[in-house]
Structure formats: structure tokens, C-alpha cells
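S.K.: Would you mind keeping the following structure in view while I ask a few things?
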Amino acid sequence: MLWPLLRWLLFRLDAERAHRLAHGLLRRVSPAAARRRRPAAPPALAVRALGLDFDSPVGLAAGFDKGEVTVPGLFALGFSHVEIGTITPRPQPGNARPRLFRLPEHRALVNRMGFNNAGAEACAERLAALPREARLGPIGVNVGRNKATPNEEAVSDYLACIDRLHPWADYLVVNISSPNTPGLRGLQEREPLDRLLRACVARLRERAPGKPLLVKLAPDLAPEALDEAVDVAVAAGASGIVATNTTLSRAGVEGHPRAREEGGLSGAPLEALATAAVRRCFARAGGRVPIVGVGGVMDAEGAYAKIRAGATLVQVYTGFVYGGPGFVRKLQAGLGALLARDGFARIADAVGADCRAPPGRTGGISPGPSPPR
Ligand SMILES: Cc1cc2nc3c(=O)[nH]c(=O)nc-3n(C[C@H](O)[C@H](O)[C@H](O)COP(=O)(O)O)c2cc1C
């Protein structure tokens, strides 16, 4: 009831100022209060993936907490996991403001933040200071390269982040899909991706054997390029795929005054594109690694669609901005009801349900050629 009013007020402010205000509120939540207030997810939503336990599939996508580590406040809202970042080795201010824009008519955002963050050292210190009891679910750390580092030297930036941050991360994500660091998406091509992921996997295996490392991909890759990226990632030893980041496309928002702003589009207009990418990655990975579905999840039906398309976990950002503090609780309740409606006892049974062959037919619905064995 309060949220529509609070949202009305927040939406009168510049988007980044509203974001900072939200951070200020989240920072005030103590670990004890988080534990008390955290809504319990329906037991059927529990997920075991990446060697970790999640009490529901619904987590917070990277970019909301860029190393401020407002973790207790975020867990108090019900997120099963929180992905911090993107963190770069050295602090950087990001792009000039304004750099975050709302498109309320489309339930969308455009951002060109540009990896503004206080650097790996500051983030590691904040994570180290987090009491154990504040870790109410897995904490992921999403890492990237500094703007000033050319792609040819990017590997050392990712390794520096892994070295400094791995002790505090339950999983790591190699982000090569932000549209706001010039050239970054070039790291998704076969050779640089292979080199980068092999180096990161080797380093993490050396430092923390068994800790999962995922890679986050863009929704703008052509289907064949997505297949290739999945093949390279799996062969290099990545533990999972995060699909997807924001899109450069403006389909669905043409004509909106903010649509011409440079940056990545997120929220409702991204939903279909991101779900298609999840489906493609799921089919290509063939169960070898889990898919984390992100992009335009605005309600429980949207989260369920990602799961049925093959997502083991789902992350949200823009839906949370529009849906407010009760958003995760609503998603969890809705997901529980949708599972029951379709006769699934556990969320794991629904993963990829839309990609399986209907009874009486052989073979799954494959969007493309099957992966090499
Ligand atoms: C303001 C903003 C900042 C973001 N920053 C990052 C980031 O630093 N690293 C990253 O991997 N993704 C970042 N993202 C992308 C989100 O994690 C997510 O992939 C994307 O927004 C699609 O999900 P959504 O439609 O639920 O927002 C950002 C998104 C927004 C809106």
C-alpha cells in the first residue's frame, strides 16, 4: 500500500539520487533485523545449484550493489542471493551524469553507468567486515576490467579481481557483456573468450578449488555466437552462464524521449530477447552447466517463463526498481502458485520444461544444431 506513494516520491527525483536514497535505507538494516524480517520462501522453491543452496531461485542482479555491500538490507527483502559488482581492480568514477534514465511507460531503464565502483580493495574490505550471520544466502561477486585497460591486457584485470575478492565470494561472474565499457563486448569472441576464461578458471582452481566461476553474456549476440560462447565457456571449465546483460536494441521503446540515450536497455522491453537467450543457452549447454536467467523479469509469470526456458536461477534488477520492497516476496508467492498449478513438486522439475519434447515425440525442441559431444 505504501509502495505506490513511495515510488511516486522516488520517481520525482533524479534516478541516481533515488538509487542512493534506497542504498541509504538498506544500509540501516542490521544482520539481526534482516534475519527477523526476511520473508520465508515456499519450500518447493529451494534450489541446489553451483554446489550452493538457494532458498528460492530469485536473486538480485549485478549493478544494484556495486560494492557498497548493503547485503543485510537486500537479504531482508527476500533475495535468495545477491550479486555484487561489477567490481574493477582499481576504483573508477564511471561515466558523466546523468547516466541512468527511467522509461516508466515501458517499465524500463536505460543506463550507461560505466562500472562506477570503489575498486576491488574497498569491496574486499567491506565484504570482509560483513558478519557471518549477515550471509543469509550466497553472495556472488561480478568482476570486470577498468575502462583504461585495453582488451589485450584485460586478463590481468580479471585475475587481480579474482585474487582479491574470491575469499569473500560464494561464486564469481566474469562480466564481458556491459555495453558501457568501450570494446568490452569484444571479449565475447571465441579466441579472447577462450583465453580469458581459461586463465580465470585456472586461477580460481589454484586459489579456491571448486568455487564456481560463471560468465555473463549479452542479449545482442546472434544465436550462433551465443552457441559458440556457451561451447567455449563450457570447454574452458566455466560453471554456469548468466544470460543476459542489458541490450543495445531499442525495439519496443522507439519514440520515447529517453530511448535515444546511449547505454543498455533493461526491464520489460528486454524480456523476450533475454528469455530467448536463456532458451538457446540451455539447449546448447545440454545440462552441462546451469543457466542464470536475467532480463525483464517484472512479475512471477516472467520469472516462471525464464525457468521453463531453462533458467535454474533468476535475477532481477529493473523489476525490483518498479516493484519495490515487496517485489521478491510477490515473485516467490507467485512462483509457488504457478508450480502447484502445473503439478511440479519442486522448482528443479520446471527448469527447461518448455524445451522438452511433448509426450509421444522423441528429442527436445532444439533451437539449433546440437552441441559437440
Ligand atoms: C543501473 C544498472 C546498472 C547495471 N550495472 C551492471 C553491472 O555493473 N554489471 C553487470 O553485470 N550488470 C549490470 N547491470 C545489468 C543487470 O545486472 C541485468 O543484467 C539487466 O539489467 C537485465 O535485467 P533487468 O531487466 O531485470 O534489469 C545493470 C543494470 C542497470 C539497470
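S.K.: Against the definition (open to solvent by 10 Å² or more (accessible area, probe 1.4 Å) and more than 12 Å from the ligand (Cβ to nearest atom)), how does residue 269 come out, yes or no? Working first, answer last.
M.R.: Working: open to solvent by 10 Å² or more (accessible area, probe 1.4 Å): yes; more than 12 Å from the ligand (Cβ to nearest atom): no.
No.
S.K.: When residue 139 is evaluated against the numbered criteria (1) more than 14 Å from the ligand (Cβ to nearest atom); (2) surrounded by fewer than 21 Cβ atoms within 10 Å (Cβ to Cβ), which criterion, by number, is the only one it fails?
M.R.: Result: residue 139 passes all but (2).
S.K.: What single numbered condition from (1) surrounded by 15 or more Cβ atoms within 10 Å (Cβ to Cβ); (2) modelled with pLDDT under 60; (3) in contact with a Pro (Cβ under 9 Å, 6 or more places away or on another chain); (4) not basic (Lys, Arg) fails to hold for residue 355?
M.R.: The failed condition is (2).
S.K.: For residue 164, are the conditions met, namely being of a type outside the set (Asp, Glu), modelled with pLDDT of 95 or more, open to solvent by 50 Å² or more (accessible area, probe 1.4 Å) and within 28 Å of residue 54 (Cα to Cα)? I'd like the intermediate steps shown before the answer.
M.R.: Values: of a type outside the set (Asp, Glu): yes; modelled with pLDDT of 95 or more: yes; open to solvent by 50 Å² or more (accessible area, probe 1.4 Å): yes; within 28 Å of residue 54 (Cα to Cα): yes.
Criteria met by residue 164.
S.K.: Just to check your reading of the model, which residue among 259, 283, 222 is open to solvent by less than 40 Å² (accessible area, probe 1.4 Å), out of contact with any strand residue (DSSP E or B) (no Cβ under 9 Å at 6 or more places or on another chain) and either free of Cβ contacts under 8 Å to residues at least 24 places away in the same chain or more than 19 Å from residue 185 (Cβ to Cβ) (or both)?
M.R.: The unique qualifying residue is 283.
S.K.: Within the range 173-203, work out how many residues are open to solvent by less than 10 Å² (accessible area, probe 1.4 Å), without any contact (Cβ under 8 Å) to a residue 60 or more places away in the chain and either part of a loop (DSSP other than H, G, I, E, B) or polar (S, T, N, Q) (or both).
M.R.: Number satisfying all stated conditions: 1.
S.K.: Which condition number in (1) free of Cβ contacts under 8 Å to residues at least 12 places away in the same chain; (2) within 16 Å of the ligand (Cβ to nearest atom); (3) not charged (D, E, K, R) is the one that residue 5 fails?
M.R.: Evaluating residue 5 over (1) free of Cβ contacts under 8 Å to residues at least 12 places away in the same chain; (2) within 16 Å of the ligand (Cβ to nearest atom); (3) not charged (D, E, K, R) leaves (2) as the failure.
S.K.: List the number of the failed condition for residue 96; all other conditions in (1) more than 20 Å from residue 25 (Cβ to Cβ); (2) in a loop (DSSP other than H, G, I, E, B); (3) open to solvent by less than 20 Å² (accessible area, probe 1.4 Å) hold.
M.R.: That leaves (3) as the condition not met.
S.K.: Out of (1) surrounded by fewer than 19 Cβ atoms within 10 Å (Cβ to Cβ); (2) under 20 Å from the mean Cα position of the chain (by Cα), what's the single condition that is false for residue 228?
M.R.: Going through (1) surrounded by fewer than 19 Cβ atoms within 10 Å (Cβ to Cβ); (2) under 20 Å from the mean Cα position of the chain (by Cα) one by one, residue 228 breaks only (2).
S.K.: Condition first: within 9 Å of the ligand (Cβ to nearest atom), at negative phi and among the aliphatic types (A, V, I, L, M). Can you find one or more residues in the range 245-255 that meet it? Break it down stepwise before answering.
M.R.: Taking the range 245-255 and keeping what is within 9 Å of the ligand (Cβ to nearest atom), we get 245-247.
When the remaining residues are screened for being at negative phi, the result is 245-247.
Now narrow it down to the ones that are among the aliphatic types (A, V, I, L, M): none.
Looking through the range 245-255, none of the residues is within 9 Å of the ligand (Cβ to nearest atom), at negative phi and among the aliphatic types (A, V, I, L, M).
S.K.: Please find, among 309, 305, 300, the residue that is hydrophobic (A, V, I, L, M, F, W, C), more than 10 Å from the ligand (Cβ to nearest atom) and open to solvent by 30 Å² or more (accessible area, probe 1.4 Å). Give the derivation first.
M.R.: Working: 309 fails: open to solvent by 30 Å² or more (accessible area, probe 1.4 Å); 300 fails: open to solvent by 30 Å² or more (accessible area, probe 1.4 Å).
Result of the check over 309, 305, 300: 305.
S.K.: Out of 15, 62, 33, report the one residue that is in contact (Cβ under 8 Å) with a residue 40 or more places away in the chain and under 30 Å from residue 349 (Cβ atoms). Break it down stepwise before answering.
M.R.: Numbers: 15 fails: under 30 Å from residue 349 (Cβ atoms); 33 fails: under 30 Å from residue 349 (Cβ atoms).
None of the others qualify; the one that does is 62.
S.K.: OK, next. Which count do you get for residues in the range 60-85 that are touching a helix residue (DSSP H, G or I) at 6+ places or on another chain (Cβ under 9 Å) and outside any loop (DSSP other than H, G, I, E, B)?
M.R.: 10
The values are calculated or read from the model by the stated rules, or taken from the named source; none is laboratory data. The structure presented is a predicted model; accordingly, all values stated were derived computationally and were not measured. Heads up, the Cβs are rebuilt from the backbone with ideal geometry, glycines too, and the neighbour counts pull from every protein chain shown. Ligands, DNA and RNA are excluded from the accessible area calculation, which covers all protein heavy atoms including side chains. Shrake-Rupley method; radii C 1.70, N 1.55, O 1.52, S 1.80 Å.
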